[in-house]
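Colleague: To start, I am sharing the structure in question, which I have written as structure tokens.
Bear in mind these aren't lab numbers, they're just calculated from the coordinates by the rules spelled out. Please read these numbers as outputs of a predicted model, since none were measured by experiment. Neighbour counts run over all protein chains shown; Cβ positions are idealised from the backbone, glycine included.
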Amino acid sequence: MEQRKRPLSPHLQVYRLPLTAIISVTHRMTGVLLTAGLLLFVVSLAMIQCGASSFNTMQAFIQLPLVELALWLMIYALFFHLCHGVRHLFWDSGETYDKLLMNYYIILELFGSVALTGLSFLFVQMGV
């Protein structure tokens, strides 16, 4: 029997995911992260309701540097998730479904989420 020269499927170590696929997976991961963060936020609100000692414990916990970093990463995840949703709204119009524009919107989405996180950081530092 003669062997046909068929294309082989790409090997996982050779194949590179497109930027849109990487951002899509990241969007799903931030959605899961935000769900877990919301659950922890509700638990912390319940602890604060328990009295002054629980409030002081929660306040001391939130002021730990690692916890502050985790909170800022959650804020970045929130803005990333928001910008990704806005990008999908533009894609739903059908006019921006060009490969070059897709990558442009992804870069715009990443810069927008970083800028919104930085802006919220400035507002927190100013006490607004």
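Colleague: Using only the alpha-carbon atoms, how far is helix 65-92 inclined from the longest principal axis of the chain? Give it as 0 to 90 degrees, nearest 10.
Modeller: 50
Colleague: If I model a spin label at Phe41 and His88 as a point 7 Å from the Cα along the Cα→Cβ vector, what separation in nanometres do I get?
Modeller: Calculated label separation equals 1.9 nm.
Colleague: Between helix 52-62 and the chain, what is the angle of the helix's C-alpha long axis to the longest principal axis, kept within 0 to 90° and rounded to the nearest 10?
Modeller: 40
Colleague: So, one more: Using Cα pairs closer than 8 Å and at least 6 residues apart in sequence, work out the relative contact order for the chain, in percent.
Modeller: Normalised by residue count, the contact order of the chain is 27 percent.
Colleague: I want to verify a result. In a Gaussian network model of the chain, Cα cutoff 10 Å, which of these has the top mean-square fluctuation: His84, His11, His27?
Modeller: Highest fluctuation among the options: His11.
Colleague: Jot down the radius of gyration and Dmax of region 70-127, Cα atoms only, both in angstrom.
Modeller: 13.4, 42
Colleague: Then there's this: Over its Cα atoms, what ratio of radius of gyration to 2.2 N^0.38 Å does the chain give?
Modeller: So the Cα radius of gyration is 1.54 times the expected 2.2 N^0.38 Å.
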